[in-house]
Amino acid sequence: MTETPRQSSATANAGGLSRRELLAYSAAFGSSFLAAQGLVAAEAAPAPAPRPVRKGSSKRYDMKKSINLWALPYPKQMTLKECLELCKEAGFDGVELNYALDGDLSPEASEKQIEAVGRLARQIGLEVSGLCSFLFWPYSLTHQDPQRRARGLELAEKMLRAAQLLQTPNLLVVPGAVYVPWLRTSRPCPVRSPTSGPRRPCAG
C-alpha cells in the first residue's frame, strides 16, 4: 500500500469501452472520478492544499455512521490514510471502500496489500462497513457483450476475496440494469419477448 496518490495506468479503450461510452461516463461523473476507478488515465494531480483540523461531534447514537470513500478526493488529492483519518475526525464509525481497476484495492493489489488496508482502517478506529465498485456499470453482468459479462464476473469474484481480506461481510454488487441514464443509447441487457420468443435488446 502506498502513501501517495497513484497515477492510473489503465485506459477505458483497453477495457473495451467505446469512445461514446467514455464521453457519456465523463459527462455524468467527471474525468477525475473515472480516473479514480482506473477507467481513464489520470492527469497530474495538483498539490493538495493544507486542510484544517476538524473535531468529531460529541454526540453519540446507537446507530453506527459510515461514509463512502467516494465522498473524498481520493486518490487525486489525498492518500488513503489521510482520507481514513479525516473520516474518523469527522465522527464516522466506518467507511465503505471502493474497488477499482488499479490502486490500493484492485486486481493489481496483492492479498497482503488488501489486508493492510483493512488493518490501517482498524488502527485509525474505523470499521470497513462494506466494499462496492463502479466497475459493475461498464462491466455489467447483464451486458450484451459476452466479454464484458465475463470481465464483470471475474471482477466480482476478486471483490469477494477482497471483502474477505478486509474483514467486511458486505459487498455491493449491481447485478444489471434495464436502463442506464448516463448511457441513453445503451442496450444494457438482452431480454426474451414473451410473445415472439427470440431474444431482443431492452428498450433504452
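The values are calculated or read from the model by the stated rules, or taken from the named source; none is laboratory data. In this text, all values refer to a predicted model and were calculated from it rather than measured experimentally. Positions of Cβ are generated from backbone atoms using ideal geometry, with glycine treated the same way; all protein chains shown enter the neighbour counts. Side chains are part of the model used for accessible areas, which takes the heavy atoms of the whole protein and leaves out ligands, DNA and RNA. Shrake-Rupley method; radii C 1.70, N 1.55, O 1.52, S 1.80 Å.
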Filtered residue count, region 136-151, keeping only those that are part of a helix (DSSP H, G or I) and closer than 12 Å to V173 by Cα: 1
Condition met for S140 (closer than 30 Å to A27 by Cα, of a type in the set (G, A, S) and at pLDDT below 95): yes
Region 54-71 residues that are closer than 24 Å to C132 by Cβ and part of a strand (DSSP E or B), paired with ones that are open to solvent by less than 50 Å² (accessible area, probe 1.4 Å) and of a type in the set (V, I, T) (beta carbon under 8 Å, 6 or more apart): S66/V95; I67/V95; N68/V95
Meets criteria (farther than 20 Å from L172 by Cβ, touching a Phe, Trp or Tyr at 6+ places or on another chain (Cβ under 9 Å) and open to solvent by 60 Å² or more (accessible area, probe 1.4 Å)) for E111: no
Filter pass, V173 being over 30 Å from E89 (Cβ atoms), out of contact with any Pro (no Cβ under 7 Å at 6 or more places or on another chain) and modelled with pLDDT of 90 or more: yes
Unique residue being at pLDDT 95 or above, open to solvent by 10 Å² or more (accessible area, probe 1.4 Å) and either closer than 24 Å to G30 by Cα or under 13 Å from the mean Cα position of the chain (by Cα) (or both) when the list is A90, A116, A162, A71: A71
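Can G152 be described as of a type outside the set (S, T, Y), free of Cβ contacts under 8 Å to residues at least 60 places away in the same chain and either in contact with a Pro (Cβ under 9 Å, 6 or more places away or on another chain) or open to solvent by less than 70 Å² (accessible area, probe 1.4 Å) (or both)?
Details: of a type outside the set (S, T, Y): yes; free of Cβ contacts under 8 Å to residues at least 60 places away in the same chain: yes; either in contact with a Pro (Cβ under 9 Å, 6 or more places away or on another chain) or open to solvent by less than 70 Å² (accessible area, probe 1.4 Å) (or both): yes.
Taking the combined requirement at face value, the residue satisfies it.
Of everything in region 119-135, what is in a helix (DSSP H, G or I) and open to solvent by 30 Å² or more (accessible area, probe 1.4 Å)? Give them in sequence order. It would help to see each step written out before you state the result.
The initial filter retains those residues of region 119-135 that are in a helix (DSSP H, G or I), namely 119-124, 134-135.
Once the filter is applied, which keeps residues that are in a helix (DSSP H, G or I) and open to solvent by 30 Å² or more (accessible area, probe 1.4 Å), region 119-135 yields R119, R122, Q123, I124.
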Condition met for G15 (modelled with pLDDT of 80 or more and either touching a Lys or Arg at 6+ places or on another chain (Cβ under 9 Å) or within 24 Å of S106 (Cβ to Cβ) (or both)): no
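Take L183 and decide whether it is surrounded by 14 or more Cβ atoms within 10 Å (Cβ to Cβ), outside any helix (DSSP H, G or I) and modelled with pLDDT of 95 or more.
Values: surrounded by 14 or more Cβ atoms within 10 Å (Cβ to Cβ): yes; outside any helix (DSSP H, G or I): yes; modelled with pLDDT of 95 or more: no.
So L183 does not fit the description; no.
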